[in-house]
Amino acid sequence: MNIFDFITQDEIDDLPDDDPQAAFIMFVRIAQRRLGDRTAQIDDESQGGWRLLEDARYGFVNVVVAAAKKYEIEPFISLEIPKLGRFDDQFHRQFRADLDHYITQLLLDNSSRAKRDSVSISSDLKAEIRSYLHHLREAVDRADLSEAKRSILLRKLAEFEAELEKKRLNMVALTTFAITILSAPGGIWATAELAPRLVTNILRLVGEAKEADDASRRIQSAMPPKAITGPRREDSDQYRTSADGSRYTSDLDDDIPF
């Protein structure tokens, strides 16, 4: 199996550009699903089927390590993949187990980072923000706009209102919404200062909620974040350098340079 058997070009284009960990997690999730779909169709009782199974598994390891190198995800960026003739089920099973171990830590770390970039909004605060959005929508309807521009502003209002339905409000969504509304020329509004005032009120409410949210998180988490580590104690020194300068590992069988 090659790269496009595991992920399509459209799926590659949809991977986040600004978050290597999130992109790697998404890549692995898609590739794992494709590997499962492929191997479920293979009859591994026959010799030909077993070879297809090994080829699929080897392809999975190959593309995941390549993705790790692109996104600089350790320890897989340092992993030397054995040649196909030396690849076996033991290597694959250990690779999948270690991959799950690190992906779990990356997912939890991403969850913590997502909370830092978002804010919890109470029901009362959501209702107040929706009232401002209602007045903004009325202002857009009355504004001297082309239908194309009006459609864009109404869509941004709807997208931001949908963000309010989530458990936590993403601060990037708030910023995008505010920039879109405030970038509209003041002359298009029936009352020039109305839209900026409504947006400012929303920013103030969310800003106060974010300040309280961050203060609560600081109280709950005074300890510094822990580093992502390997599944075994010796993994901290897993990769060594031989006399000829090549990299190898000592935690598996010598025939398998993991």
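FYI, it's all coordinate maths here, none of it is from the lab. Treat the numbers as computed from the prediction; the structure is a model and nothing was measured. Cβ: placed from backbone, ideal geometry, glycine included. Neighbour counts: every protein chain shown.
Some notes on this structure:
- Residue-wise HN-Hα couplings along region 161-167, as the Karplus relation 6.51 cos²θ - 1.76 cosθ + 1.60 with θ = phi - 60° gives them from phi, are 5, 5, 4, 5, 6, 6, 4 Hz; Gly and Pro carry x.
- Dipole magnitude of region 121-220 about its Cα centre (Cβ charges: Lys, Arg +1; Asp, Glu -1), debye to nearest 20: 220
- Derived scalar couplings between HN and Hα for region 34-41 equal 5, 5, x, 4, 5, 5, 5, 8 Hz in order, rounded to whole Hz, by the Karplus curve 6.51 cos²θ - 1.76 cosθ + 1.60 (θ = phi - 60°), x for Gly and Pro.
- Cα pair distances in region 3-117, grouped into 10 Å bins until the bin that holds the longest one, percent each: 13, 44, 32, 10, 2, 0
- Multiplying the residue separation of Arg137 and Arg93 by 0.36 nm and subtracting their alpha-carbon distance yields 10.3 nm.
- Inter-site label distance for Arg33 and Glu161 at 7 Å from Cα along Cβ, in nm: 3.0
- Virtual paramagnetic centre 7 Å along Cα→Cβ of Asp117, amide N under 20 Å, in region 154-186: 159-180
- Under 16 Å from the Cα of Lys126 - aspartates and glutamates, other chains or at least 8 residues apart: Glu159, Glu161, Glu163, Glu165, Glu208, Asp213
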